[in-house]
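The values are calculated or read from the model by the stated rules, or taken from the named source; none is laboratory data. On a predicted model such as this, the values are computed, not experimentally measured, just so you know. FYI the Cβ positions are ideal-geometry reconstructions off the backbone, even for glycines, and counts take in every protein chain you see. Heads up: the accessible areas ignore ligands, DNA and RNA and are worked out on the full protein's heavy atoms, side chains in. Shrake-Rupley method; radii C 1.70, N 1.55, O 1.52, S 1.80 Å.
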Amino acid sequence: MTRTNTLGQPIGEAVEGFSPRPTPERASLRGEHCVLLPLSSRRDGPELHAQFAQDRDGRDWTYLSQGPFQDPQSFLAWLDTAERSPDPLFYTVFCEGLA
């Protein structure tokens with residue numbers, strides 16, 4: 001028998017013994033070649049905006065759910081929201097030695 005969701009759409013079979021997993025922590029993640037730091041609009045905003053502003057035809061935004069932004073203020077306002085987001089968590093990638 002096919003299970004359906006509340007919209008009547010078919011979904012997969014129930015997973016035996018499933019339990020929700022804990023929410024990931026906002027923590028720095030250090031790898032061999034880079035470090036991921038939880039997004040900080042104050043720390044990261046100006047440089048991220050400067051980098052994205054170099055994109056003149058919108059290609060950098062193709063696979064992103066937000067943007068492009070018309071001005072720095074709207075970008076920074078979105079970044080403030082993204083920083084506080086519990087899901088998804090946003091990170092900034094830094095080359096090792098730069099963070």
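Points to keep in mind about this one:
- Among the residues making up segment 30-46, those that are in contact with a strand residue (DSSP E or B) (Cβ under 9 Å, 6 or more places away or on another chain) and assigned to a helix (DSSP H, G or I) are 43, 44.
- Subset of segment 10-29 [open to solvent by 90 Å² or more (accessible area, probe 1.4 Å) and either farther than 30 Å from residue 40 by Cβ or not in a loop (DSSP other than H, G, I, E, B) (or both)]: 10, 13, 15, 16, 18
- Positions within segment 57-87 being among the charged types (D, E, K, R) and either at pLDDT below 95 or part of a loop (DSSP other than H, G, I, E, B) (or both), in sequence order: 57, 59, 60, 71, 87
- Residues in segment 42-49 include none that are open to solvent by 50 Å² or more (accessible area, probe 1.4 Å) and small (Gly, Ala, Ser).
- Number of positions in segment 57-79 that are touching a helix residue (DSSP H, G or I) at 6+ places or on another chain (Cβ under 6 Å) and exposed (fewer than 13 other Cβ atoms within 10 Å of the Cβ): 1
- Beta carbons closer than 6 Å, at least 6 apart along the sequence or on distinct chains, pair a first residue in segment 66-95 that is among the small types (Gly, Ala, Ser) with a second that is outside any loop (DSSP other than H, G, I, E, B) for 67/61.
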